[in-house]
Structures are given as structure tokens and as C-alpha cells.
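Engineer: Below: one structure in C-alpha cells.
The values are calculated or read from the model by the stated rules, or taken from the named source; none is laboratory data. In this text, all values refer to a predicted model and were calculated from it rather than measured experimentally. Virtual Cβ from ideal backbone geometry, glycine too; neighbours counted across all protein chains shown.
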Amino acid sequence: MDSRRVERRNVESLGDAIQLSSVFRAGGHTYALLSDMGAHKTVLSELPPTLGEEFGPLLKGGEAPAGTPLELDVGGKVEGYGVFEFPYGPVSWGVPEAGGFKLVTYGERVVKVIPQVNFKKRGVERSVVGRTPQDALLIIERSAGNFSASYSTCFLTAVEDYLGSEVPLKARWTRAAAIELERICNHLHVFGRLAETASQNIAASQANALRERVLRLNSKHFGHRYLFGFNTVGGVRPDLSREECKELSTAVRLIAREFSELVAYFLSSRIFLDRLQGTARLERGDALSLGAVGPAARGSGLLWDDRLTCPIDPYEDIYVNVETDAGEDTMARTMVRVREIESSTIVLREILDRMPGGGVKSGNRPKQQRDGDVLDDLALCRIESPSGDLIQVVQLDMQGRVSNLHVRPASLVNWLPFARSLESNVFTDFQFAFESFGLSYADSDR
Amino acid sequence: MTPGDLLPGLLFGTLATLGVGSALGLASKKAAYLLGVIGSALGAVLSLITLVYGGTASIDLWHFTPTSSAQLQLSQFNSYFLLISSLVWLGTCLYSVGYDDDYPRSLSSLMLLTILSMVFVLVSGDAITFLMGWESMTISSFFMILEGKGEREGVRNAAYLFLAFGEGSSVFIMLAFSGLFSTVGTFDFLGPAAARVVSPLGSWIFVTALVGFGLKMGLAPFHMSEWLPIAHSSAPSNASALLSATLTLMGVYGIMNIVSHLGQFELWWGWLALAVGGVSALLGALFSSVSEHSKGLPAYSTIENNGMIVVAIGSYMVASYYNLALLADFALVAALFHAFSHSISKGSLFLVNGWVSKLKGSFDLGSPNPLPGGGRSLGIAGIFTVLSLAAVPPLAGFVSEWMILEVLFQSFRFGDLTSQIVGTLVGAMVALAAGIIVVSMTKVFGFGILWPRKSGTAQGAGGIRDGLSVRGSFAYFFALIAGVGVAAPGVFLLASDAASQTLGANPFGTFVTGLLGVPSPFVILSGSPFGGFSPTFTAVAFLLILLVVLLSAGAIGIHPLRLGLRIRRTQGWSAGRAQPDDATELYNSFGYSTPIRIMLRFLFRTKESVVKVGAVQRTVVRSPDEYVVDLEVLDVFKKFYDVLAKWTLWLSAYTSRKVMPGKLGLYLIYIMAAFIFVLIYILLTAG
């Protein structure tokens, strides 16, 4: 384990600026991975006794059997005249994937939301055990197609860290370029979905057209529209030339410029803004205590972005402007994404401009001999996926096969903040809240 | 012997049957109700003869002054109202035979006494007999409300509130009558032969009559008098039907009678009636749509319908003022027609809801108790009743609501801009009310009647069976509602007969004709030329379409007669999950109208809050006022009356404490002062 990135100390209680990010088992121990939001540090601790019970099923969800819906019910029961549970999903209009909700309501007003996940459970973590990292990669990068580059990079960074492999500089920079492209693509997607929900069909089509152009760039320069297969253990497949970098950079700059024109229209559409402003407020304190990550947390004023707080190469060398917004509502989350498209474009152009030379692949080297500390037997990586902080913990056995994998996707921890934000909103706000959190069932259900 | 000779005999027969029934009620409920059925049938026959043969009868009972006598009179005008009431009473008494098995015997006795009093109200030709009937009706209704099964304190409060409003109504009616008396010098001014009054006291008479009868009709701002006694006391359902469908009809009769005896209208009377009616209709519809009480909801709907009737009366007055004879005639017939269709539909709705509540053991619309089979007749009567009240063609409610809206559409004919604007605004209110009432009607049928039937179990609820009388009354009301719609020209004829006394001519021929291939007399025209509608042929068209569907089904191999055997039942789609079996997982009636509560929070004073009590969240959506039984929104006017009552109580307490503190001297001085004041007043006015 890289002690530069992870601080080991025993945390007794949550609260203040300490956010519980993940719980996982490794080597017979249960660990809690915490984010010290004030000091911008990742802290690894024995599981604190004061861990909120509500996080139990949520964070250990990987252990639940496939296909059994898991209700993320943290509040108490609701009493009152006329109160009923309105079932929404798993096969309803408006829920894009197989996932459900129970809306506790007395009609129109949402008193409480109980998300139901795990309809889409595939058991990714268990199915990779016993496979070589290269084989496991095929499953992992396909488990959440929208976040494929983040998933594969996160997994490979952890594996390479574990093996102590030397990965060529250019490969690391190419991975970062892919992650930024993925971010732009996803944020455009979310913006398009929001516009569609507000019946702004032209804006939705414009955003989708821009997203399609990014997908085609992916396809042209990385070999796959959703960036499958570009990553490999010890490097990447595409070897971007100077000209290609320049071409990509120009194309992305053009897309960003066209998007900024669209945003100017968006900011002048009162009808659209009305649906977002004040909708589904997630207060900063709730965002912190419920473990919100990504644009959802940054829209509530929490400054946490893995590119800044636990950077992998090459983010340590690049200036990343982390966007936050204190608005706490759907509008704030949307504006964080809108601005992140711009800032990602700048980051991407810097990456492409400064793309180092040399090869993009290296041979695997055998695992170095280490001392007997159990903690050294696992590798951990955090990557800022488009929807937020993605954590993967990897252990390999003596044959170099995966023996333990823990994935803590961003969508999983964002369910509770989403549910909290919807309280006391009306039914018609549901879709806006849902889209603004960028929630994905493929991501959360694994 | 002409049919007219039968009238006095029939009238006495009716009165005697009802009187005997009322006395017999103390011994046997069933006998009383059966006599009620017979008495109502006699009343219906009597009024039909009067209407069709155009006869009148006048029976002087007692000359109490040289110019006035207590007299019973029958005319086409009052027998129209007697016909409507008798038809409702007949069904209600029939229903009561099977319904009333758990109320004290006095209920049947009081109910017949109330009916008897209403007959007196309708057939009295003089003010004294009228007021006696009116008082007796109010007091016997008061005791009927006291039989309610709600919480004792609530029932008592509701009954006394009813009495207070009832007596207030009497006071205002007396004021109106005093105005009439001072002009014509006799108390015999209610009959058809009585002279029309042109008097400087006209405005006094009209306004006090509107307030007095409006109090009984539940017009805004007195609409509490209608919904509160019925809902808060959870009064017996047969009594509720009587109160809401026919007692308010007495108010309609009263105001129309007074209006027909006023020789000349001021323009602002019409505006006042239009405004009061429009506001009542809209408020009634809105409150009805958010009511969760299976009798509060229809009671609010009564306010809506009575508002519409007053709107039609107001239009009649404005049109008369501008000498728009055609429009005035149509407006008056519309008011009469609406009184008919509303009374029968509302009577039916109370009985249907009453039966459902009896089976469920709750007056809560959203109460989740499964209804173990209310029978097919309940469902059929229920659907036709709510369709009629929601104004679906060709049923009774549609025809009259169409007529009233047609009148308002023609408010452009009014002679000046202000009247046109008033007419248009009131038209918008009435149209809005007609739209909103659909919400309440779908709610009362969907959640109150239909939904529990489907998910019910096979066992009976406490062995309650719908006997022949209950099923018969449902079938009777179904036939009545469909019949009044389909045979609308016939009802139009009766209403025209009733209106002819006021209008001076029978308007039937002007409005009912044939058109575009539809033979006469099956088209009702609303003007010349304006709109036209044929309820009869709409019904025929519906049946033809149904027939075509059945025949097509036959053509593709589904035997129409075997359709009933080929029903395939599947579970509905429930978003990919198992069908919920728990009532808390189903959309309920409260949720159905919560959007209205939230959107119109300024009107309903809705307060929402979620209180977190430990791990339990309690939602509170209610008005700032407390729930007395299970009504949920605040009637702003109730608040007003509550404050008024509080002040009055305080003032009386203050007076009794300070002004009359038990000092004899002070009291004597007070009496002396009052005596001197009266003397001075008499001296001054006598001069």
C-alpha cells in the first residue's frame, strides 16, 4: 500500500469533516476507508464502532445475493393520515434501468424515498476472483459502460501498484485523457437528460449530438465508443501521435465551445431554470454525513475531487480546477457539471499538449517480495469517475490472480443523499433530482 | 269528474298517510317507512296530475285575520317541487326499510315528520302555514341529526349549529315576509293567484329572502350550514339524503317563489344572485374535491349545485331586466330542471355512499376495509349517479348543466357591459366548478365504491345483506336518473308548466322542437338560434354504438350473448413487481386530491409538516383547525363563524356580568330607559 496516499490511523468516531467512504474486508479484517474532507486525506482505519447502521447494507452490498432487491431504508417509519407507499419501478417510465423506489407520500408530496437497488446485481466482484488481471479487466470495464475508462484505470492502477509494475509515462497520460473524455461525455449525457426531462427537446438533441461527437472521437482515437479495451495491464493499446493529439484537442475544444453556446441559451430559459432552482436541495451537512461524492457533493459545497485529493499520475503534474457550488440544489449540481465540461476540456488539452513520448506498454514484472504486514497485501485506488469517487481494493494471490476485489462505486453512496434531497419535494421534481445526481444502476449494483 | 276533483282528496291522503306513519314510527320502523313510501307515491301522483292537467286547488283552513287565512294551495309551480321531493322521498323511504336496522325507532318517526313538514312548506298558500311547516321541518331535522353515530360532543355541536342556522334562516324569511305583508296587506302571498309586488321594499324583500333561503341551501358564505351537520355528526344516511337533496330544495322553492312574486327587478339583484351562486358553485366544487368524508363530499357537491341553480335564477332576473324574454324563459326552466336532476342524483349518491359506509363501518372514503360485495345494483346505481353529477351526457345532470352553461354563454346578450362582464366571470366560475366536480365524482366512485369491491373477499361484513328494499331503491334511482336524462323533453315540459305561472306563458313550444332530422319534440334549443341538444337521440346513438360493437364481436366469432362467460382475468401491471396486497401500498383517495390541497393552499389554508419523533416520522397535512371527525381542510368561513361564536359568547358573558350584575336598581333603570325609548319612537313615527 502506498503510504503517500493513504494514512493509517484508528478513527474513533465519524462526524466533523470525516466522511465514511467505504467498508471492506481484506485478510480477515474489516476496514473502513474514510475521507478527511478538511485535510484532503484518505484514512484507513479499523471499522469504527460508531459506524451508522444505515451504511451497513449499503456499503457491504456486494455480499447480497444477485437479483434480491435491497431496500436502502435509513429513516424511521412514516405515520399520518393518508400516507401510502407509491411503488415506482423497476419497470416504469422514467427509470432508465432496472431499479426501483418506494415513494412514501400522501399524494404529490414526497415524504421519504426508499431506493431499491440490486435488481441488476451481476456479482462482478465475485466473478473475477481466480482470474488473471487481464481477464478480470474484460469484466470490470464492462460492468458499468458509462464509466468504463474510470473502472479500468482504477483497477489497473491498483493492480500495477500491487505488482509494483513500471507503467510508461505516456500510458498513464493516455489513461487520463480517456478519463477526461469520459467525463465530458457523461456530463453532456446528464445535461441532455435534464433538458429532455424539462421537455427542452432542442437542447436535449443538441447535447446528445455533442455527446455523440465525443463518442466518435473515442471510437476513432481509442478504438471503442465507450473506451472498452483501450486499457491493458501495464499500459494502453492506442499510441497517440502528436498529430492525433492535436486533432483530438481541436475537436474537443470545438465541442466545448459549442456547448458553451448551448449553456448560454440554457441560462436564459426561465422555464428550464425554474425546474432546477430550489429543486431537491441537499444540504452540505447531509452531503457530508450521508457520504455524497462527485458533482452531487460538490454541488453542496464539499470540496473533494480525487484528481486533487488523491491524485494518480499524471494529475499531480496538472492543474485541476475543482468546481464547487454552494447552491445545494439541482441547479448547483447541474452547474458543477456544466463547468466541469469546461475545466475537463482544459485539463484534457493540457494532457494532449504535454503528452510525453515513448512507448505505451511495459512487460509485467513479478511481484516484489514484501514483509508480512497484511495491509501491504492489498492495493487501493481512488479515481474521480464522472459521477464521483470510485474506489477499488485489489488483492492478488501468489499466481498473480485476483483473490479479492472490492468495488465501491460512486452511484452506490449517492442513493442516500439523493433520497434525502427529494424529501418534501413533489413527484414532478423526481426526475430532475434523479438525473442531476447522475445515478447509474449498473454502477451501483455491480 | 275531472282529475282536478281528485286533488283535495289526494292531498289529504298524502298528509294523513305521512302523519300516521310518523306516529306509527314509534311502534314499528318498517311500517313507518312503508307508509312513507305510500305517502310519497300519493304525493307524486298528486303533483303529476296537477302538473299535467294544469289544475289548481285551494283549501282554506282557518281565517285568522279578515284578510289572511291558513290555506293549502296546489299549483303547477309548487307541485313541480312536490314531484321532485316525492320521488326522492319514495326512494329514500324504500331504502330505509332495509338500511335502518341499527338506529332508534324515533329516527323513522322524525323522518316522516320532516317529510310531512316539507309537504306543508310546499303546499302552503300563506306565510303563517309556511313558517309553521318550516319550523317543524327544522326542528324535526335537528332531532334527526342528533341520532348521528359520531362522537357525542361532535354530534351535539353539529345539531345545534344546524338549529342555529335554521333559526337564522327563519328570522330572515320572516323579515322578507314582513316586507311582503307591509306591501300587500295579507299573508296569503305565496299562492299562484297572489299579486305581484312592486314595492319600494323590493330590495329589502329580495335580499332578506336570498339570505334566509340561502341559509337553507348552503350558499356561500353560509355553506357550513349544509356540510357541517351532515358530515360532522355522521348523520344517518337516509336522513342525510333527505337533508341534502330535499331540505335544500325547500330553499330553492322559497327563493323562486319570492322572486316570482316580485313584479319588478333591480339590476343589482341579478348581479348579487349571480355572484353568490357562482362563488358557491366554485367553493362547493373545490371543497368537495378535497373531502375525505363519504357524506361530506356529496354535501359540498350540493352547495355547488345549489349555487348553479341560483346562478340560473340570477340570469333569469338580469335577462328579465333587459326584457330578453327568450333568455329569461330558458334560464328559469334551466333552474327548475337543475333542481330536478340534482335532487334525484344527490339523493341516490347519499344512499349509495350510506350503504358502502355501512358495509365498511366507516364514513372515511379512504378507509381501507375491503367491501365484501355490495351487489351489482349498488355498482350500477353508483356509476350512473356519479356520471349524472359529473354531467355526462345523456344523463339528468348533463342536460340541466348544459342548459345553465348555455344561459351563461348568452350573457353577451345582456344590455350593458357590466352585466356582460359579470355574466362572463360567473360563467367561468360555473364552468370551472363543473370541471372540478369531476374530480370529486371520480374519487367517490373510484375509491369509495369501485375499488373496495374489486379487492373484497367473499365473506359478508357482519352479515349485512342488501335486501330487496335496498336493491329496489338503487334500481329505482338508476331508472330515475337515466329516465330524466333520456326523457329530458318530458321533464322540460313539466318544468315549463311549473314556470308558466311565473312567466305568464308556457315556453315549452319555443325551446323543444325537431331539428336536422331529429323528430319533434326531441331537440332542446337554448335560444333562437343558439345551441341545441337531443338527450334522447344521444342515448340512442350510444346504444347503437354498443350494438355495433356487440355485432362486430359476433362477426369475428365472439358470441355477444356469451361475452359474460369469456371474461379473462389477469393481474394488472404493477411496475414489474408483485401486486401489492397491503392497503398502504395503494394509491388512496387522500393522495388523489392532495395536489389540489397543495396547489390551492391559499384557499384551503393547508399546512404541511413532517414531524420527526425519534425514528418515526409523522406527516401532518391539515388545516390549522383540528379535525372534528375526519374532515381535513379548513373551511375559512368556519373559522369566521367560530370567531363570531367566541365573540358572542364573550359578549353575553360580559353583559351578564357587567350590565346585569344582579343589582335591581340598575336593572330597573335599564327597563325604564327602554320603555321611554319605545314611547318616544312611537310618538315620533306616529306623527
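Engineer: Could you say which residue among B:PHE189, B:PHE213 is surrounded by 21 or more Cβ atoms within 10 Å (Cβ to Cβ), closer than 29 Å to B:LEU51 by Cα and either more than 20 Å from the chain's Cα centre (by Cα) or among the acidic types (Asp, Glu) (or both)?
Structural biologist: Details: B:PHE213 fails: either more than 20 Å from the chain's Cα centre (by Cα) or among the acidic types (Asp, Glu) (or both).
Only one candidate qualifies: B:PHE189.
Engineer: On to the next question. Are there any helices (runs of 4 or more DSSP H) wholly within segment B:421-517 with 1 or more residues that are among the aromatic types (Phe, Trp, Tyr) and modelled with pLDDT under 80, and if so which? Quick ask: steps written out before the conclusion?
Structural biologist: Details: elements: B:451-454, B:468-486, B:488-503, B:508-511.
Passing ranges, in order: B:451-454, B:508-511.
Engineer: Can we say B:GLY150 is outside any helix (DSSP H, G or I) and over 19 Å from the mean Cα position of the chain (by Cα)?
Structural biologist: Judged against the criteria, B:GLY150 is a match.
Engineer: While we're on this one: Looking at segment A:46-100, which of the residues that are loosely packed, with under 15 Cβ neighbours inside 10 Å, outside any loop (DSSP other than H, G, I, E, B) and within 14 Å of chain B (Cβ to nearest Cβ) is modelled with the highest pLDDT?
Structural biologist: A:GLU71
Engineer: Further, regarding this structure: Could you check segment B:480-522 and list, in sequence order, the residues that are in contact with a Gly (Cβ under 7 Å, 6 or more places away or on another chain) and without any contact (Cβ under 8 Å) to a residue 24 or more places away in the chain?
Structural biologist: Across segment B:480-522, the qualifying residues are B:LEU515, B:SER520.
Engineer: For segment A:101-124, enumerate the residues that are away from chain B (no Cβ under 14 Å), crowded, with 18+ Cβ neighbours inside 10 Å and closer than 30 Å to A:ALA177 by Cβ.
Structural biologist: Answer for segment A:101-124, where residues must be away from chain B (no Cβ under 14 Å), crowded, with 18+ Cβ neighbours inside 10 Å and closer than 30 Å to A:ALA177 by Cβ: just A:VAL124.
Engineer: Further question on the same structure: Quick one: which of B:LYS658, B:LYS638 is away from chain A (no Cβ under 11 Å), surrounded by 17 or more Cβ atoms within 10 Å (Cβ to Cβ) and at pLDDT 60 or above?
Structural biologist: Checking each option against the conditions leaves just B:LYS638.
Engineer: Check whether at least one residue in segment A:125-133 is in the same structural domain as A:THR232 (by TED's automatic domain parsing), surrounded by 24 or more Cβ atoms within 10 Å (Cβ to Cβ), touching a Leu at 6+ places or on another chain (Cβ under 9 Å) and closer than 25 Å to A:ARG307 by Cα, and report yes or no.
Structural biologist: Among the residues of segment A:125-133, at least one is in the same structural domain as A:THR232 (by TED's automatic domain parsing), surrounded by 24 or more Cβ atoms within 10 Å (Cβ to Cβ), touching a Leu at 6+ places or on another chain (Cβ under 9 Å) and closer than 25 Å to A:ARG307 by Cα, which makes the answer yes.
Engineer: If I filter segment B:532-541 for residues that are loosely packed, with under 14 Cβ neighbours inside 10 Å, touching a residue at least 24 places away in the same chain (Cβ under 8 Å) and either polar (S, T, N, Q) or touching a His at 6+ places or on another chain (Cβ under 9 Å) (or both), do I get at least one hit? Talk me through it step by step, then tell me what you get.
Structural biologist: Going residue by residue through segment B:532-541, those that are loosely packed, with under 14 Cβ neighbours inside 10 Å are B:541.
Checking which are touching a residue at least 24 places away in the same chain (Cβ under 8 Å) leaves us with none.
No; the residues of segment B:532-541 include none that is loosely packed, with under 14 Cβ neighbours inside 10 Å, touching a residue at least 24 places away in the same chain (Cβ under 8 Å) and either polar (S, T, N, Q) or touching a His at 6+ places or on another chain (Cβ under 9 Å) (or both).
Engineer: Do we have B:ALA231 as of a type outside the set (Phe, Trp, Tyr), on the phi < 0 side of the Ramachandran plot, modelled with pLDDT of 85 or more and buried (at least 24 other Cβ atoms within 10 Å of the Cβ) here?
Structural biologist: So B:ALA231 does not fit the description; no.
Listed here are the residues, each with its yes/no results for (1) under 22 Å from B:LEU90 (Cβ atoms); (2) among the β-branched types (Val, Ile, Thr).
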{"residue": "B:PRO236", "(1), (2)": "yes, no"}
{"residue": "B:LEU272", "(1), (2)": "no, no"}
{"residue": "B:VAL279", "(1), (2)": "no, yes"}
{"residue": "B:LEU286", "(1), (2)": "no, no"}
{"residue": "B:SER289", "(1), (2)": "no, no"}
{"residue": "B:GLU292", "(1), (2)": "no, no"}
{"residue": "B:GLY296", "(1), (2)": "no, no"}
{"residue": "B:TYR300", "(1), (2)": "no, no"}
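Engineer: Continuing with this model, one more query. From the list B:ALA127, B:ALA159, pick out the single residue that is of a type in the set (Gly, Ala, Ser) and farther than 28 Å from B:TYR53 by Cα.
Structural biologist: Answer to the check: B:ALA159.
Engineer: So, one more: Being among the aliphatic types (A, V, I, L, M), closer than 30 Å to B:VAL197 by Cβ and within 26 Å of the chain's Cα centre (by Cα) is the filter here, so list the residues in segment B:492-548 that pass it.
Structural biologist: Taking segment B:492-548 and keeping what is among the aliphatic types (A, V, I, L, M), we get B:493-495, B:498-499, B:503, B:505, B:512, B:515-516, B:518, B:523-525, B:539-541, B:543-548.
Among the residues that remain, those that are also closer than 30 Å to B:VAL197 by Cβ are: B:493-495, B:498-499, B:503, B:505.
Within segment B:492-548, B:LEU493, B:LEU494, B:ALA495, B:ALA498, B:ALA499, B:LEU503 qualify.
Engineer: All but one of (1) part of a helix (DSSP H, G or I); (2) buried (at least 21 other Cβ atoms within 10 Å of the Cβ) hold for B:SER291; state the number of the condition that does not hold.
Structural biologist: (1)
Engineer: Quick one: which of A:GLU141, A:GLU196, A:GLU212 is crowded, with 20+ Cβ neighbours inside 10 Å and among the acidic types (Asp, Glu)?
Structural biologist: Only one candidate qualifies: A:GLU141.
Engineer: Name the single residue, out of those in segment B:1-26 being in contact (Cβ under 8 Å) with a residue 24 or more places away in the chain and assigned to a loop (DSSP other than H, G, I, E, B), that is surrounded by the fewest Cβ atoms within 10 Å (Cβ to Cβ).
Structural biologist: Ranking the candidates gives B:THR2 first.
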